[in-house]
């Protein structure tokens, strides 16, 4: 089962078909004992990336650049996905069409988006806003991704997985 409230998720966005970066994330997934990978869009995989993602717990949403990519093995991504994590609603979208106000999010719920290529982790009006940035094409000067655990959400830098910001849940 992919969405389970006690799972650990590696969260990324805006990889744009960069196989080397995806390989690094796969190694980090294993090192950090993440159960699954969630992509907030613009995955744009090569066939090698799609094969690797197909053989694990992996979900991605549709990014603006994904619309020009044909998915062969993976299901065509949806515009957003939602699930429960530790009693919190989590919504994942790319960020180019959907915004937190479009969902019934309450205090403590998590809204994950990509698109900006800049990492962000903050609380706003009681909800948690998270953008994992981009591990391959950052626009804020740092390659980044995230880890959602049982009691925390962290924005981490590549290649050394150093914390940029951590929020206790």
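Summary table below
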read-out	value
Point-to-point label distance, residue 140-residue 124, nm (Cα→Cβ direction, 7 Å offset)	1.2
Of 64, 131, 55, the one that fluctuates the most in a GNM where the chain has Cα springs shorter than 10 Å	55
Where labels lie 7 Å past Cα in the beta-carbon direction, separation of residue 107 and residue 73 in nm	4.5
Contour excess over end-to-end distance, with Cα ends at residue 46 and residue 64 and 0.36 nm allotted per residue	4.8 nm
q = 0.14, 0.21 Å⁻¹: log10 I(q)/I(0) that the Debye formula gives for the range 9-168, counting C-alpha atoms only	-0.61, -1.48
Helical mean residue ellipticity (222 nm; -39500 (n - 2.57) per DSSP H run of 4+; nearest 500) of the chain	-3500 deg cm²/dmol
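The numbers here are math on the coordinates, done by the rules we state, and not lab data. What you are looking at is a predicted structure, and each value in this text was computed from that prediction instead of being measured. Here Cβ is always computed from backbone atoms with ideal geometry, including for glycine, and neighbour counts include all displayed protein chains.
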